[in-house]
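Q: There's a structure below that I have some questions on.
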Amino acid sequence: MPKSVWETYSSFANTSGGTILFGIEENIKAKDFSERFHVGEIRNPEQILKDFWNTVNSEKVSANILVDSDVSVEQYEGQAIIRIDVPQASYHQRPVYINGNPLKGSFKRNHEGDYHCTEEEVKSMLRDASDTGNDGGLLEGYTMDDIDSETLKSYRIEYELHNPDHVWNGSDNKSFLRNLGGYTVDRVTGKEGLTTAGLLMFGTGLAIRERFGNIRMDYLDESNLMPGSRWTDRLTYDGMWENNLYNFIKRIMPKLVKDIRRPFQLNGMSRIDDTPVHKAIREAVINLIIHSDYHITGVLKIVKLDDGFLFSNPGNLKLSIPAIYEGGNSKARNPHIQTMLRMIGMGDNIGSGFPTILSAWKEENWRKPDLSENTELHVVELRLWTLSLMPRECTDHLHALMGSDYDCLPSEDQSILCTTYLEKEITNARIQMLLNLHSTDVGKHLYDLVEKNMLLVTPNGRWTTYQLNEQYETQPNQAALTELGKSAPELIDTDLVIYDYIRENGFITTQQVIAITRITTPAGASVALNRLIKKSLVKKERKGRHIYYVKA
């Protein structure tokens, strides 16, 4: 058992998990990929398994995150292969390190290699391991003098409107902040002052820049750009406002939603202006604020685009992306800031913020939001698309580029190509979230599209990307043309697609016609099928209540 396995175990646990195989030999000099790997021989797999379990449960590694089902012996080409599926460790367990030293024994996975985590990365994981959050600690030397009085006054007015009978309304500013978690007293040393949450939310711009000069806030409106313009509106620090989080939120929210339609609705005699889309955008802003890592260098960036919104913040996700899409109970990195915002009606209950966004976007029939993280740059991005799932522009372009080759594809492959066209490039992880498929199944779809030369691939290990082949050359449907003979010139592309589907599968239904062609209604499908019936190429069959069409 190679000693390097423990570095890989640490790197997989600290990033997104992975699979370790014993019994596969690699020839890195092989030019042909098919000749690069071959099965070796493991003479005593049971002893190796015993050694592995003994070591993973020893002081060699900081945590055993495996269960029995994660480790197995598989048979391949008559040889035994040991498979170890290492999951991503929970934020409580990270960093997973070796040799008793988190600073020297913590590893991360970058592309195809294991690398030492930097000291800042280790400290960040150690901070995240605590449920008390990163924003409640005492900032020595920062007092009530560093609070912007107008910001706190505005917040307290809003707080009282949402909580008119709350006992804290009668408190002085220091007591009020202490109750909220914005001011603290060390009971051991007697030192007192602002917390990270208190300074970031209500502090003067100067005090924030002195203590958190590593963090910047930026809003850009890149929609409706004129030629030569980089943006139509921007909010960044310009000395004209106190750049704390509360002011940032209050200034950008009207800018973000000003173009979102507000249908006329009444609740009694009062108009309802808060739609699910408005709530979703507000949740995206709140998520950016409460999950940012303010102890590393980065930018809280929000960009308004013609086709949606981009939210970007420094840090890494505490939960896995699939868990977040499923509505996992996400733990805010900054729970005191989260409380401050929730007390004025900003932010849903714990764990419901992202499902709120997904629900609103599904209701609008817009493309599924795209959540991603770059573990190398320590940046999390959320892209909210205001594009329909399969806009006509997209299907028209793909049909013009690929003709009937596109129409004959399964619906999943058509969705993958459409996503690639709209988003310029895709990854396996993006398609997993979009189609709700396992990574292996997505890999098969992507492989088939690359083999058909419809997608171009940029290999990069786990971060492999795919782009649309804009130079695609359509392949004539020779089989269908040959079989149809003289009838072929009289048929349009849609007829050929339908006929070829029947030839390959034996029959077709009206719903299958809709799935493989540009036809969008059952009535349109019937018209196309009747066209083929009149040419004596297709006939209708009935079995019980089911109607289908076969070759005549």
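Q: Under the 0.36 nm per residue contour assumption, what length would be gained going from the current alpha-carbon distance of Val167 and Ser388 to full extension?
A: Residue separation times 0.36 nm, minus the Cα-Cα distance, leaves 74.8 nm.
Q: Then there's this: Could you work out what % of the accessible surface of the chain is carbon and sulfur, using a 1.4 angstrom probe and leaving DNA, RNA and ligands out of the count?
A: About 49 percent, which is the carbon plus sulfur part of the accessible surface.
Q: Okay, moving on. If I model a spin label as a point 7 Å beyond the Cα along the Cα-Cβ vector, how far apart are those points for Ser90 and Asn436 in nm?
A: 2.6
Q: So what are the ³J(HN,Hα) numbers for region 518-531, from phi and the Karplus equation (6.51, -1.76, 1.60; θ = phi - 60°), rounded to whole Hz, Gly and Pro as x?
A: 8, 5, 10, 10, x, 4, x, 5, 5, 4, 5, 5, 5, 4
Q: Nearest 500 deg cm²/dmol is fine: what mean residue ellipticity at 222 nm does the chain get from its DSSP H runs of n ≥ 4 alone, each adding -39,500 (n - 2.57), divided by its residue count?
A: Computed ellipticity for the chain at 222 nm equals -11500 deg cm²/dmol.
Q: Taking H as built 1.01 Å from N, whose amide H comes closer than 5 Å to the amide H of Asn110, not counting residues under 5 places away?
A: Here the answer is Tyr115, since their amide H atoms fall under 5 Å of that of Asn110.
Q: Quick check on region 33-81: what does the Kirkwood estimate of hydrodynamic radius come out to from the alpha carbon pairs, in Å?
A: That comes to 12.9 Å for region 33-81.
Q: May I ask you to compute the full-extension gain from Ala552 to Arg187, defined as 0.36 nm times their residue separation minus their alpha-carbon distance, rounded to one decimal in nm?
A: Length difference between fully extended and current span is 122.5 nm.
Q: Amide H of Gly308 versus every other amide H placed in the peptide plane: which residues, excluding those fewer than 5 positions away on the same chain, fall under 5 Å?
A: Under 5 Å from the amide H of Gly308 lie the amide H atoms of Thr386, each far enough along the sequence or on another chain.
Q: Kindly state, as a whole number, the per residue volume in cubic angstrom of the convex hull around the alpha carbon atoms of the chain.
A: With only Cα atoms used, the chain gives 243 Å³ per residue.
Q: For the peptides 440-453, 188-201, 355-368, what is the packing order when you average, over each peptide's residues, the other Cβ atoms within 10 Å and list the highest mean first?
A: The packing order, highest mean first, is 188-201, 355-368, 440-453.
Q: Using the Karplus curve 6.51 cos²θ - 1.76 cosθ + 1.60 with θ = phi - 60°, work out ³J(HN,Hα) for each residue of region 291-296 in order, rounded to whole Hz, and write x for Gly and Pro.
A: Couplings: 9, 5, 9, 7, 9, 10 Hz.
Q: Let me ask you something else. Per residue of region 494-503, what does 6.51 cos²θ - 1.76 cosθ + 1.60 with θ = phi - 60° give for ³J(HN,Hα)? Whole Hz please, x for Gly and Pro, Karplus curve as stated.
A: Each residue of region 494-503 in turn: 4, 4, 5, 4, 5, 5, 5, 4, 5, 4 Hz.
Q: Now, a different point. Whole-Å semi-axes of region 91-158's equivalent ellipsoid, largest first, each the root of 5 times a Cα gyration tensor eigenvalue?
A: Taking √(5λ) for each eigenvalue gives 38, 13, 12 Å, largest first.
Q: Could I ask something else about it? Counting only heavy atoms of protein chains, what accessible area per residue, in Å², does region 87-150 have with a probe of 1.4 Å?
A: Heavy-atom SASA per residue in region 87-150 reads 51 Å².
Q: Ok, one more. Sort 317-326, 409-418 by the packing proxy (mean of other Cβ within 10 Å over each peptide's residues), most packed first.
A: Order by mean packing, descending: 409-418, 317-326.
Q: Considering region 335-428, what Rg and Dmax in Å follow from its alpha-carbon atoms?
A: 17.8, 56
Q: Moving on. Can you work out D for region 173-295 in µm² s⁻¹ from Stokes-Einstein, where Rh is the Kirkwood radius over C-alpha pairs, the temperature is 20 °C and the viscosity is 1.002 mPa s?
A: 124
The values are calculated or read from the model by the stated rules, or taken from the named source; none is laboratory data. From a predicted model like this one, the values you see are computed outputs, not experimental measurements. Reconstructed Cβ throughout: ideal geometry from the backbone, glycine too, with neighbour counts over all protein chains shown. Only protein heavy atoms, including side chains, enter the accessible area calculation; ligands, DNA and RNA are left aside. Shrake-Rupley method; radii C 1.70, N 1.55, O 1.52, S 1.80 Å.
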